[in-house]
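The values are calculated or read from the model by the stated rules, or taken from the named source; none is laboratory data. These numbers were taken from a predicted model, which means no experiment stands behind them. Ideal geometry is used to build each Cβ from the backbone, glycine not excepted, and the neighbour counts take in all protein chains shown.
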Amino acid sequence: MRGLSTGLVAMVSGLATRAESKQPRLLLTQVYVPSLADTEEQAAVATRKDLLAYGELARASYYLERGELRPGLKDVAEVLEELAHLVGRVAAGYVSRGSEAESSLRVEMELITHTAARVGKLADEVEVAE
């Protein structure tokens with residue numbers, strides 16, 4: 001299946017419900033289709049618009065593309081916070097302690113953290129144009 005994006009997501013527990021289970025499933029091109037479902041059921045799941053994306057970045061995109069700024073920007077802030085953690089804690093843990101690289105990664109973490117805070121605050125203040 002070359003060219004398809006994949007990822008792990010939450011899935012609905014029933015084809016006609018909004019309830020989610022806690023077990024991750026494989027996602028192909030942003031829609032989980034149960035393999036045991038018949039063709040009509042698979043088509044019904046693939047066309048559902050009420051299922052939000054599971055990850056913050058995908059949710060941010062979903063909301064922002066629809067003009068829903070507050071929830072979209074909140075998710076963007078969460079993505080930035082995770083990036084700050086990855087840069088300043090995870091990546092920095094693999095370079096020599098006290099090195100220029102470690103210092104640079106920590107500075108970038110602080111900048112990203114600051115940006116996340118600003119975007120989160122902006123989400124509370126932003127007004128949508130009508």
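Being more than 23 Å from the chain's Cα centre (by Cα) and closer than 12 Å to V87 by Cβ is the filter here; which residues of region 106-130 pass it? Result: R106, V107.
In the set (1) acidic (D, E); (2) within 24 Å of S61 (Cβ to Cβ); (3) free of Cβ contacts under 8 Å to residues at least 40 places away in the same chain, D124 fails one condition alone, (3). Do you know which residues across region 108-130 are exposed (fewer than 12 other Cβ atoms within 10 Å of the Cβ) and among the acidic types (D, E)? Selection gives D124, E125, E127, E130.
Which ones in region 50-107 are surrounded by 15 or more Cβ atoms within 10 Å (Cβ to Cβ), modelled with pLDDT of 90 or more, hydrophobic (A, V, I, L, M, F, W, C) and over 23 Å from D124 (Cα atoms)? Of everything in region 50-107, those that are surrounded by 15 or more Cβ atoms within 10 Å (Cβ to Cβ), modelled with pLDDT of 90 or more, hydrophobic (A, V, I, L, M, F, W, C) and over 23 Å from D124 (Cα atoms) turn out to be V87, A91, A92, L105.
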